[in-house]
């Protein structure tokens, strides 16, 4: 499509509304947060306007470095798991009849109505020793005695993947529905087995969709602060948990703000890197 | 037998019978056109040959081997889809070499074969272009080259030229036929365009309602259609009612046609005569009386519409043969018996 560059100021008018929204809901709150991150904490009250870098300096420790690393790693694993599960699932879903698809999508949408708290406690019950799924395994003869599956990394991962999966499927669904089914048939007539055709044709044809979905789930998982607390040990707590802790329980808003700014910058950098790699591969 | 045999193939979708007991033998190297109106089962039949649909009953036999249960990817065939289905994320060269890559050919072999094929389709030097940058006709050729990359035993095409404009389509028909003759490959094309079938095929298979109505060389289909459906579908024709009188002579529109006889015991039938076989003469004893109701002068040919005995008859001739026929003129319509085809009702 050919577009002419805007010439007069009036050509920019369609941008006014989005720009306004972006300013009110992103630029102003984020600027406030950056501002607060340089303030000094006041134990008696809230914070005092100042310009100190203590909040950032305190952050540069091994402990917070580890937490940041763990948070990013967890979010990446959640994103990979979600896409790895949701992509084949959604693909197979699009092959079903209209009616079956509708039922599945309605069920998935109803999962979205569950709050993070309910999901957390539901999984903590399912993973418990006394009432959990291991009792079922014992009954089936797969295990000798019931076990507690939480707290632990597996439990945190399961909960977060469960929470993000409906979003992943709903984002992938439109792209997969629109995919030309003859592409796959063509690959099969050319000698590719169904699985190979799927990997050779469907996955690359939807690469941009997959990258976009990975980024979405990654950002979504990065903000999760309840599930790691309910299902994990303290070493599984993410930066979001620590931010909540500092802001709400320690009343250290400047430090919480500094961590939040850092988290946003790190995730933006990671997203940018992904896009850059994607573009380079596309060009090559 | 070397070639493709379809042994009593039936395909049902629920209660609907898409392909009904089709039996066809295609000798090696034959160019077959499956021709019929939409919904006649021709695409379903092609998809069963490709293995993309499973027949409800019957067998597909290739070179004496039953391949009905062989999955598509092990049939070593080449297929061109109506949508072409070129892989959008691959370049022209990578699209063409895909079937070779799947079969583990070396990089060298792949490049060599891709070059050969690009030369064959007159697109050398296009290997690195993205598919999206090609014109419709070029994409068509890339799809054909990709299907031919492994020198398949069977070359299948599903309405391959329907997306092209009329002029390009005609040119591609000739090109496709020449390519097939050069390679000597058994080819099956699904089409609803009878001109396309006439141009390319050794064997035209006319289908209707899931059944084969007639399978014959194009000129035979045109000259000797098996029934009214085929006669009407292939080219244009005049379908008239013919009855037998007590002496056994054939009577059309009240006029006995000398030299034409109905099969014994048949009192009534259909008669098909092509417009170019209908002669117009002065009104006379041996001709059917008619009135010219419309003349369409197309430059190359003149189509004359004649009203005779309650029926409309179309006659086509060149301007040289028929210089001055006017609307409203009284004419005598002559139906040469050797051009009349009597079809059972």
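The values are calculated or read from the model by the stated rules, or taken from the named source; none is laboratory data. These numbers come from a predicted model, not from an experiment. For neighbour counting, all protein chains shown are included, and Cβ atoms are generated from backbone atoms with ideal geometry for every residue, glycine included.
Does residue A:233 count as out of contact with any strand residue (DSSP E or B) (no Cβ under 7 Å at 6 or more places or on another chain) and either within 13 Å of another protein chain (Cβ to nearest Cβ) or buried (at least 16 other Cβ atoms within 10 Å of the Cβ) (or both)? Give the derivation first.
Working: out of contact with any strand residue (DSSP E or B) (no Cβ under 7 Å at 6 or more places or on another chain): yes; either within 13 Å of another protein chain (Cβ to nearest Cβ) or buried (at least 16 other Cβ atoms within 10 Å of the Cβ) (or both): no.
No.
Determine whether residue B:143 is in contact with a strand residue (DSSP E or B) (Cβ under 6 Å, 6 or more places away or on another chain) and either part of a helix (DSSP H, G or I) or more than 12 Å from chain A (Cβ to nearest Cβ) (or both).
Numbers: in contact with a strand residue (DSSP E or B) (Cβ under 6 Å, 6 or more places away or on another chain): yes; either part of a helix (DSSP H, G or I) or more than 12 Å from chain A (Cβ to nearest Cβ) (or both): yes.
Spelling it out, residue B:143 is indeed in contact with a strand residue (DSSP E or B) (Cβ under 6 Å, 6 or more places away or on another chain) and either part of a helix (DSSP H, G or I) or more than 12 Å from chain A (Cβ to nearest Cβ) (or both).
Kindly indicate which of B:138, B:110 is away from chain A (no Cβ under 12 Å) and either under 13 Å from residue A:186 (Cα atoms) or in contact with a helix residue (DSSP H, G or I) (Cβ under 8 Å, 6 or more places away or on another chain) (or both).
Numbers: B:138 fails: either under 13 Å from residue A:186 (Cα atoms) or in contact with a helix residue (DSSP H, G or I) (Cβ under 8 Å, 6 or more places away or on another chain) (or both).
So the residue among B:138, B:110 that is away from chain A (no Cβ under 12 Å) and either under 13 Å from residue A:186 (Cα atoms) or in contact with a helix residue (DSSP H, G or I) (Cβ under 8 Å, 6 or more places away or on another chain) (or both) is B:110.
Restricting attention to the range B:182-195, which residues are touching a residue at least 12 places away in the same chain (Cβ under 8 Å), over 13 Å from the mean Cα position of the chain (by Cα) and surrounded by fewer than 22 Cβ atoms within 10 Å (Cβ to Cβ)?
Listed by number, the residues that qualify are B:183, B:184, B:185.
From B:230, B:242, which residue is under 30 Å from the mean Cα position of the chain (by Cα), modelled with pLDDT of 85 or more and closer than 21 Å to residue B:194 by Cβ? Working first, answer last.
Working: B:242 fails: closer than 21 Å to residue B:194 by Cβ.
On inspection, the qualifying residue turns out to be B:230.
Which of the following residues is outside the structural domain of residue B:227 (by TED's automatic domain parsing) and either surrounded by 13 or more Cβ atoms within 10 Å (Cβ to Cβ) or assigned to a loop (DSSP other than H, G, I, E, B) (or both): B:259, B:264? Don't jump to the end; show me each part of the working.
On the way: B:259 fails: either surrounded by 13 or more Cβ atoms within 10 Å (Cβ to Cβ) or assigned to a loop (DSSP other than H, G, I, E, B) (or both).
The unique qualifying residue is B:264.
Taking the range A:11-47 on its own, how many of its residues are exposed (fewer than 11 other Cβ atoms within 10 Å of the Cβ) and modelled with pLDDT under 80?
Residues that pass the stated criteria total 3.
Counting just the residues of the range B:69-101 that are more than 18 Å from residue B:127 (Cβ to Cβ) and in a helix (DSSP H, G or I), which one comes out farthest from the other protein chains (Cβ to nearest Cβ)?
Selected residue: B:74.
What number of residues in the range A:181-208 are crowded, with 17+ Cβ neighbours inside 10 Å and either within 21 Å of residue A:109 (Cα to Cα) or within 7 Å of chain B (Cβ to nearest Cβ) (or both)?
Looking only at that region, the number is 11.
Only residues in the range B:1-30 that are in the same structural domain as residue B:69 (by TED's automatic domain parsing) count as the first member; pair them with residues that are assigned to a loop (DSSP other than H, G, I, E, B) and crowded, with 18+ Cβ neighbours inside 10 Å, Cβ under 6 angstrom, at least 6 apart or cross-chain, and list the lot.
The qualifying pairs are B:9/B:55; B:11/B:55; B:17/B:210; B:18/B:41; B:18/B:210; B:19/B:41; B:19/B:210; B:20/B:210.
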